Amino acid sequence: MKPLRDRRPLSVQVYDQLVEALRKQGRPGDLIPPEIELANELGVSRTVLREALRLLEEDGFIERGVDPRRRQLARPSARPPSFNAPLEDMLHAAVPFDIQIVRSDELKPTSWSMALLELTDEATPLLYRECLFSVGGEPAVSALEIIPRTEDGMPPQLANGNGGGEAQTLLNALGPQFRSKCTATLWRLAAASSGGGSRKGFTRTRADHPVTSLTTVLSRHGKPVYLAKHLLRLDIVALSVGEPPNGFDPASADSP
């Protein structure tokens, strides 16, 4: 790998270059070289490298090895979760959510989306949707979802760029028929590396409120067809798969 020389934040450059290297050269379980070695090879500080490695862990590319001081390429889960419901069905709060679609667009793949969706063509058009969940006027969740526009089974209104009149997540809009054919091949909760400064409307969260990220990939017949990265304020909402968590009382949740 060559030292990085462009104007983007160094941690983003390191992240993108490592994603490309891991895709082309790595195998699940392979050890990642020590930080000092990677930092010297890329010509960046260890602080910048650590931020990039945190992002790679957050997105499920790498994980801690048997020795917690070492990192390795993430291994596929032996028992991936089968839950494939939209975010609306996983969240619980003291009062009903207000959902707003803050962005819906067609984008070209990035290194991140190409790697997690296993795309080989950089020209593949992607349908992108970003939603903001608010509870009592307080931003609680930012949902970012991506699906290849060419994917079979996409409802005509989405394929034509019309998301319909209802404000809902992309996975919800894709409908139960699409979701029934999908299984989760990546399901990763982690402390978010940032507070969501790049997410519209979510920037109003206060610094003293920790943010959790949920990265999900749904696959059909072994092929990734859906990618999401959600940011959640778990001081406002509860996240559960299936039924509400044991003992969860919506009235007892923190209110803004």
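The values are calculated or read from the model by the stated rules, or taken from the named source; none is laboratory data. Remember, predicted model here, so these are calculated numbers, not experimental data. Cβ coordinates were reconstructed from backbone atoms using ideal geometry, including for glycine residues, and neighbour counts include every protein chain displayed.
Points to keep in mind about this one:
- Some residue of the stretch 30-41 being touching a residue at least 40 places away in the same chain (Cβ under 8 Å) and in contact with a Phe, Trp or Tyr (Cβ under 9 Å, 6 or more places away or on another chain): no
- Close Cβ contacts (under 8 Å, 6 or more residues apart or on different chains) running from residues in the stretch 45-74 that are in the same structural domain as residue 28 (by TED's automatic domain parsing) and touching a residue at least 60 places away in the same chain (Cβ under 8 Å) to residues that are of a type in the set (Gly, Ala, Ser) and assigned to a loop (DSSP other than H, G, I, E, B) comprise 51/193; 54/193; 55/193; 58/192; 58/193; 60/74.
- Filtering 106, 41, 37 for residues that are modelled with pLDDT of 85 or more and in the same structural domain as residue 190 (by TED's automatic domain parsing) leaves a single hit, 106.
- Of the strands (runs of 3 or more DSSP E) that lie entirely inside the stretch 166-256, those containing 2 or more residues that are closer than 19 Å to residue 127 by Cα, of a type in the set (Lys, Arg) and at pLDDT 90 or above span 223-232.
- Residues in the stretch 115-143 that are free of Cβ contacts under 8 Å to residues at least 24 places away in the same chain and hydrophobic (A, V, I, L, M, F, W, C) were compared, and the one that is surrounded by the most Cβ atoms within 10 Å (Cβ to Cβ) is 126.
- Whether a residue is under 18 Å from the mean Cα position of the chain (by Cα), assigned to a loop (DSSP other than H, G, I, E, B) and exposed (fewer than 14 other Cβ atoms within 10 Å of the Cβ) was assessed, and residue 75 passes this test.
- Filter pass, residue 106 being on the phi < 0 side of the Ramachandran plot, outside any loop (DSSP other than H, G, I, E, B), in contact with a Pro (Cβ under 8 Å, 6 or more places away or on another chain) and not polar (S, T, N, Q): yes
- Of all residues making up the stretch 122-150, the number that are in a strand (DSSP E or B) and over 13 Å from residue 110 (Cβ atoms): 17
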